[in-house]
1. Using the Karplus curve 6.51 cos²θ - 1.76 cosθ + 1.60 with θ = phi - 60°, work out ³J(HN,Hα) for each residue of region 334-342 in order, rounded to whole Hz, and write x for Gly and Pro.
2. Taking 0.36 nm per residue of sequence separation and subtracting the Cα-Cα distance, how much length would be gained by fully extending the chain between Glu198 and Thr263, in nm to one decimal?
3. Full extension from Ala326 to Ser209: what is 0.36 nm times the residue separation minus their Cα-Cα distance, to one decimal in nm?
4. Could you derive backbone 3J(HN,Hα) for region 74-88 from the dihedral phi with the Karplus parameters 6.51, -1.76 and 1.60 (θ = phi - 60°), listing whole Hz in sequence and x where the residue is Gly or Pro?
5. Rank these for me by crowding, Met1, Met265, going from fewest to most other beta carbons within 10 Å.
6. Tally Lys and Arg at +1 and Asp and Glu at -1 over the other residues with C-beta under 13 Å from the C-beta of Arg53: what net charge comes out?
7. Evaluate the distance, in nm, between pseudo-label points positioned 7 Å from the Cα of Ser141 and of Asn43 along their respective Cα→Cβ axes.
8. Only counting other Cβ atoms within 10 Å, I'd like Phe118, Phe149 sorted with the fewest neighbours first.
Amino acid sequence: MLMELRRCLCEEFSIEYERFLRGKRLQEDPRLPDEAAIVSLLNEYNQTKGEVREWFRNRLRIDDDQYEGLVFKLVSATLHRGLVVKTRKLATLMKSVGDPLWIQGHIQATAVALNAAFHIVIVDSAFNSQPCKDLKINAISGRERRGRFEIVTATSTKNRKNGPPNSKQNQVDTPLVDEGGWLPKKVGEQISAKRVIEQWLEMTSMLRSSPQIRNTDSDRLWIFQRPLEPTIRSRLGSIDSEWWPAFLQRHANNAMIGGLRITRMVIRRTALNRSAEMDDFGLAMNQELGNHSDGFMPFFYLDKNGAKAVLEEMIRKFGDKWEAIALYGIPHAAQVLGISEQELHRRKLLGLESGLQFAQVDRKSPRTSSSEEKDTEELPLIDKNTRVVDFH
């Protein structure tokens, strides 16, 4: 389930990145006029001259792709460099190309791209939501270990209870619970989270150099603009209320994840168990990190490999208990098993507590002789009067 979810996220991010690259390529066409010339032509245009697309194409002798590049170039200049254009004429120009989200996707990252990138990082790092929201542009530290890249979170301040709004009172600088994590270099055939972060930085580079950005937001990893709005934002409340529910709705017909109520806590718990060394300690640690309830609930967050590992561990423990009860009392049994007498005794007690008394052999009771066995009347397994029907 987790890998299918990740595949869907990667697919959406890839589509957004390819759209961004297309827009970048169209804007950089050397045959296009500069922004000042485009504004001059736009001021010259009026409705009496016909459809705006055809008028620009005929006037500049450009094709449809070049016309789209011209529009993207002008819109980007108004959003990122403060170019002033008459609102109504700019709206006419944009409407001839497509809706605001389509245009935005050709000049910068969209909310769809942010949602996908954000959750890919959560899947791979198993971070809580807030540490992931607080990541900086230098989150990838450069350290590597056993096929993984280190990702570090920022120290954050949290407004404590009863503190006045927007006040420094009762605020403390404290490291977040997740101070670091590790991103795998490879995730099958899918794009890595490290590469996603690099592409995300490329898609938001124009926002970081924009005069509209606040100094406090320039080094934040997750920044965005709403379609064709100048304000650059870093608060990610919409990711909870709008973008993630919209993603689940888009994939409602997916055979594996469609219709499931997938939350970031579910993703985190599943990711923790998926990456765990499935022994007692690893599973217990991830149960605490994921804030699982006691009992069997953590099992439902495992993928196929994790569930198999847990079941194999349970079978092994069951076999150890049965073996200890059956062999207890035989001289040198512990030595043959390669364990201590204390461990053999411990396993026996655990087996008895688990209801395996039936495997216990009373080695002090006398065995019956072969002659006694011959005199013992055999009891038939099936009554002699029972009618047996042969179907062959």
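Bear in mind these aren't lab numbers, they're just calculated from the coordinates by the rules spelled out. This one's a predicted model, so the numbers in the text were calculated from it and none came from an experiment. Ideal geometry is used to build each Cβ from the backbone, glycine not excepted, and the neighbour counts take in all protein chains shown.
1. Going residue by residue, I get 4, 5, 5, 6, x, 10, 7, 4, 5 Hz, with x marking Gly and Pro.
2. The Glu198-Thr263 span can extend by a further 20.9 nm.
3. Computed gain between Ala326 and Ser209 is 34.7 nm.
4. Calculated HN-Hα couplings, in order: 5, 4, 4, 5, 6, 7, 10, 10, x, 5, 9, 9, 4, 4, 5 Hz.
5. Ranking Met1, Met265 by Cβ neighbours within 10 Å, fewest first, gives Met265, Met1.
6. With Lys, Arg at +1 and Asp, Glu at -1, the net is -2.
7. A separation of 5.5 nm, rounded to one decimal place.
8. Sorted ascending by nearby Cβ count, the order is Phe149, Phe118.
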